[in-house]
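A quick write-up on the structure given underneath.
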Amino acid sequence: MKAYQELSRVELLSLKEQMEKEFEDARGKGLKLDMSRGKPSVAQLDMGMDIFDVLNSGSDMTSMDGVDVRNYGVLDGLKEAKQMMADIMGVKAEQVIVYGNASLNVMFDAVSSAMTHGVMGHTPWCKLDKVKFLCPAPGYDRHFSITQHFGIEMITVPMTPQGPDMDMVERLVTGDESIKGIWCVPKYSNPQGYTYSDETVRRFANLKPAAADFRIFWDNAYSVHHLYDEEERQDRVLEILSECEKAGNPDMVYEFASTSKISFSGAGVAAIATSKGNLECIKRVLAIQTIGHDKINQLRHARYFKDFEGIKAHMRKHAALMRPKFQTVLNTLQGELAGLGIGEWTNPNGGYFISFEAMEGCAKAIVAKCREAGVTLTGAGATYPYGEDPKDSNIRIAPTYPAPEELAAAAEIFVLCVKLVSVEKLLEGKAA
C-alpha cells in the first residue's frame, strides 16, 4: 500500500467509502473498551493479593527498630520501608521520607507548601508577581493539573528520545527568576516511554537557575517497571541526587516514587527522596500536618517484598502480563499503519504507555471516532499543558487495563479510526 499522501482523490474517496462501512460495523457491536488510563489489570492486582496474608491478628506488629506500628509516631517512615523505597529509587535510605499511598499527593503537597510558605526560607510563591513551571510535553496530565490548580504559568518544553530539550531548559531557567520548577518523568516517561540519557541527567544536575528556590520535580514513577526480563532491553537512568551533589547543587531535586503499580494503585506506599536541607524543611511541615502515615501498610509491604530482589521478582510477574498486551498493540500498529504516512508511535522498553503521533490536526477527531465505536482513550491534548496540543497530533495509548481479547478489538478500532480520519483530512486538501 502506498502512503496515503500519494493517493489520488478518487483513491482516497474509495478508501473512505470502504472504511466508513467497516466503522459502522464496529459501532454496531456496542463495545465498551477502556484504554484511557494507565491502570494495572485485574490480573495484575490479583497476583498480589497474598500481601494481605503477611499481617494478621496474631502477627508481630513491631518494626525492625522496635516501633509498634499500631501506635502514633515515626513521622518519616519505618526503617525497613525507607530502605524499600530507597532501593526502588536507587538512593540512600537516609534521603527518604515515606508517606501514604500516593506520590501524586506528595507532589501536590510540595507545590502547595512552596506556594504558602516558600522553599527553604525563600519567599512564598504566592507572594510573587509571577510563578512559572517548565512542562516537558508530551507529558503527564496530572502533573500539569497540579500547577494549573495553583495558577502557575506553564511553559511547554519539547520532549526528545533523550529527554527534555535541554538547550531550552538551560536557557529558560538561567534567564528567568520566576521559573521555579520543572516536571520530569525520567524513566519510561509518560506517555512516550523515553528514558533520559546520561547527558540529560548531568545537564539537569549542573543547571544554574536564576531562582535559588528552583526545584526539579523528578517523578521516578516507573523506575522498576520493565517490560522485558533481558537486561539489555531494560533502560537505566543516572541517579540524579548524587549527580546534583557532585555538581554542587544538592538541594535542587525532589524525587518521588511509589508502589502504586507494584502492589496496589489505591493502597501502596509513596515516598520522597531529597537532600538533608530539604528533608529538614519537609519534616517541619509534616510535624504539623500529621502524626505519622500508615505504618501498618509500610510494614506489610516491607515484609511482603523482603528486599529489592523480591521487588524485582514481583515486577517480572507484572511484565509477563503486560508484555503481550503491548505487543498486541504494537503489532497492530505496525501491520496496519506502517508505510502509510499517517502515524508514528513509540516502542518503549517499560512503563505503561505507547505514544502515538497522528497527522497534524487529527488527534481530537480520532479520539472522538474511537469513542463513537466504543473505545475510550485519554482525551486528545491531555498530554500538554492546559490540555492544548498545538499540533493536535498526540494520542496516549494505555494497553494494560483491558483483557487481552478486548485489547485486540480496541487496537483494530483505533487503527481504523486513524485511517478514516486521516483520509478525511487529506481529502480536505485535494480539490474536487
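The values are calculated or read from the model by the stated rules, or taken from the named source; none is laboratory data. Computed from a predicted model, the values in this text were never measured in an experiment. Because the Cβ atoms are built from the backbone with ideal geometry, glycine has one as well, and the counts that use them run over all protein chains shown. The accessibility values were calculated without ligands, DNA or RNA, using every heavy atom of the protein model including side chains. Shrake-Rupley method; radii C 1.70, N 1.55, O 1.52, S 1.80 Å.
Can you run down the residue pairs with Cβ atoms below 7 Å, 6 or more apart or on separate chains, where the first is in the stretch 217-240 and in a helix (DSSP H, G or I) and the partner is open to solvent by 20 Å² or more (accessible area, probe 1.4 Å) and not hydroxyl-bearing (S, T, Y)?
R233/N349
Identify all residues within the stretch 95-107 that are within 18 Å of the chain's Cα centre (by Cα) and more than 17 Å from S265 (Cβ to Cβ); write none if there are none.
Keep residues of the stretch 95-107 that are within 18 Å of the chain's Cα centre (by Cα), which gives 101-107.
Within the stretch 95-107, none qualify.
Output the residues belonging to the stretch 292-307 that are over 17 Å from V106 (Cβ atoms), open to solvent by 30 Å² or more (accessible area, probe 1.4 Å) and either in contact (Cβ under 8 Å) with a residue 12 or more places away in the chain or assigned to a helix (DSSP H, G or I) (or both).
First, the residues of the stretch 292-307 that are over 17 Å from V106 (Cβ atoms): 296, 299-300, 302-307.
If we keep only those that are open to solvent by 30 Å² or more (accessible area, probe 1.4 Å) too, we end up with 296, 300, 303-304, 306-307.
I296, R300, R303, Y304, D307, listed by residue number.
List, please: which pairs have Cβ atoms under 8 Å, are six or more places apart or on different chains, and start with a residue in the stretch 4-19 that is open to solvent by less than 70 Å² (accessible area, probe 1.4 Å) and end with one that is of a type in the set (V, I, T) and in a helix (DSSP H, G or I)?
Y4/V423; L12/V423; L15/V423; K16/V423; M19/V423
Filter the stretch 40-59 for residues that are open to solvent by less than 60 Å² (accessible area, probe 1.4 Å), part of a loop (DSSP other than H, G, I, E, B) and farther than 13 Å from T400 by Cβ and give the result.
M47, G48, V54, L55, S59
Taking the stated definitions as given, is V74 out of contact with any Ser or Thr (no Cβ under 7 Å at 6 or more places or on another chain) and either within 30 Å of K391 (Cα to Cα) or touching a residue at least 24 places away in the same chain (Cβ under 8 Å) (or both)?
On the way: out of contact with any Ser or Thr (no Cβ under 7 Å at 6 or more places or on another chain): yes; either within 30 Å of K391 (Cα to Cα) or touching a residue at least 24 places away in the same chain (Cβ under 8 Å) (or both): yes.
Against the criterion (out of contact with any Ser or Thr (no Cβ under 7 Å at 6 or more places or on another chain) and either within 30 Å of K391 (Cα to Cα) or touching a residue at least 24 places away in the same chain (Cβ under 8 Å) (or both)), V74 qualifies.
Go through the stretch 156-186 and give me each residue that's among the basic types (K, R) and surrounded by 24 or more Cβ atoms within 10 Å (Cβ to Cβ).
Across the stretch 156-186, the qualifying residue is only K180.
Where residues in the stretch 369-420 are without any contact (Cβ under 8 Å) to a residue 24 or more places away in the chain and outside any loop (DSSP other than H, G, I, E, B), which of them is surrounded by the fewest Cβ atoms within 10 Å (Cβ to Cβ)?
Among them, the one singled out is E405.
For the list (1) open to solvent by less than 10 Å² (accessible area, probe 1.4 Å); (2) more than 16 Å from the chain's Cα centre (by Cα); (3) within 28 Å of T259 (Cα to Cα), I need the number of the one condition that W345 fails.
So W345 meets the others, but not (1).
Tell me yes or no: at least one residue of the stretch 361-368 is outside any helix (DSSP H, G or I), surrounded by fewer than 19 Cβ atoms within 10 Å (Cβ to Cβ), at positive phi and out of contact with any Gly (no Cβ under 6 Å at 6 or more places or on another chain).
There is at least one residue in the stretch 361-368 that is outside any helix (DSSP H, G or I), surrounded by fewer than 19 Cβ atoms within 10 Å (Cβ to Cβ), at positive phi and out of contact with any Gly (no Cβ under 6 Å at 6 or more places or on another chain).
Looking at this structure, is K312 surrounded by 19 or more Cβ atoms within 10 Å (Cβ to Cβ) and more than 30 Å from M115 (Cβ to Cβ)?
For K312, the condition - surrounded by 19 or more Cβ atoms within 10 Å (Cβ to Cβ) and more than 30 Å from M115 (Cβ to Cβ) - is not met.
Got a sec? Which of A210, A270, A205 is surrounded by fewer than 24 Cβ atoms within 10 Å (Cβ to Cβ) and either polar (S, T, N, Q) or closer than 21 Å to V69 by Cβ (or both)?
A270
Going residue by residue through the stretch 107-120, is there one that turns out to be buried (at least 16 other Cβ atoms within 10 Å of the Cβ) and closer than 25 Å to A398 by Cα?
Yes, the stretch 107-120 contains at least one residue that is buried (at least 16 other Cβ atoms within 10 Å of the Cβ) and closer than 25 Å to A398 by Cα.
In the stretch 241-252, what residues are closer than 13 Å to M89 by Cα and either open to solvent by 20 Å² or more (accessible area, probe 1.4 Å) or not in a helix (DSSP H, G or I) (or both)?
The one that is closer than 13 Å to M89 by Cα and either open to solvent by 20 Å² or more (accessible area, probe 1.4 Å) or not in a helix (DSSP H, G or I) (or both): S242.
Would you check which residues across the stretch 125-148 are more than 30 Å from T346 (Cα to Cα) and open to solvent by 20 Å² or more (accessible area, probe 1.4 Å) and list them?
C126, K127, L128, D129, K130 - these are the residues of the stretch 125-148 that are more than 30 Å from T346 (Cα to Cα) and open to solvent by 20 Å² or more (accessible area, probe 1.4 Å).
Output the number of residues of the stretch 20-40 satisfying the condition of being more than 30 Å from G351 (Cβ to Cβ) and either of a type outside the set (D, E, K, R) or free of Cβ contacts under 8 Å to residues at least 24 places away in the same chain (or both).
So the answer is 6.
Is there a residue being out of contact with any helix residue (DSSP H, G or I) (no Cβ under 8 Å at 6 or more places or on another chain) and open to solvent by less than 30 Å² (accessible area, probe 1.4 Å) anywhere in the stretch 283-290?
Yes, the conditions are met somewhere in the stretch 283-290.
Of S265, S197, which residue is touching a residue at least 40 places away in the same chain (Cβ under 8 Å) and either open to solvent by 40 Å² or more (accessible area, probe 1.4 Å) or not basic (K, R) (or both)?
S265
Residues of the stretch 350-385 being among the hydroxyl-bearing types (S, T, Y) and more than 17 Å from M159 (Cα to Cα), which ones? Outline the logic, then answer.
Quick first cut of the stretch 350-385, residues among the hydroxyl-bearing types (S, T, Y) only: 352, 355, 376, 378, 383-384.
Within the stretch 350-385, Y352, T376, T378 qualify.
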